[in-house]
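Computed from the coordinates by the stated procedures, all read-outs in this text should not be read as laboratory data. Please read all numbers here as calculations on a predicted model, not as lab measurements. Cβ placement follows ideal geometry from the backbone for every residue including glycine, while neighbour counts extend to all protein chains displayed.
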Amino acid sequence: MRIGELARRSGVSTRSLRHYEEKGLLAARRGANGYREYDEADVRLVQEIRALMAVGFTLEDARPFVACLRAGNESGGVCPESVDVVRRKLAEIDTEIRDLMARRDEMLRRNT
């Protein structure tokens, strides 16, 4: 499929797809006419990238998930490298929550 169809099927812009390609997360093959060509597996890769970004992961964080899917796994989150990224991200979120709660408590102390 060409880039426009992949964009429609995965719900992202062609600009985003080019960006993912530039970052090495998506690999387009080139047809004889020079057009980018993608296959069905690329739809799943792009959906995984978008889902990860929607919950706060960066494109760099998405790399192990993409690699896991490319390796033939049903989910991008089953590989050890992906699990490590999830654990790291959860630790970051826990730290943010603690920091926010401390700020909240301080505000309450100052205004009561």
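Summary table
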| read-out | value |
| --- | --- |
| With Cα atoms, 0 to 90° folded angle of helix 40-54 axis to the chain main axis | 20 |
| Cα-based Kirkwood hydrodynamic radius, segment 3-110, one decimal, Å | 15.6 |
| Neighbour net charge for M1 - beta-carbon separation under 9 angstrom, K R +1, D E -1 | -3 |
| Local electrostatic count at L25 - Lys and Arg +1, Asp and Glu -1, tallied over other residues with Cβ under 12 Å | -1 |
| Approximate spin-label separation N111-T14, in nm, with each point projected 7 Å along Cα-to-Cβ | 5.0 |
| On Cα atoms only, tilt of 59-70 relative to the major axis of the chain in degrees | 50 |
| Mean separation of Cα contacts under 8 Å, 6 or more apart, over the residue count of the chain: relative contact order % | 16 |
| The chain: most fluctuating residue of D61, D42, D84 per GNM, C-alpha cutoff 10 Å | D84 |
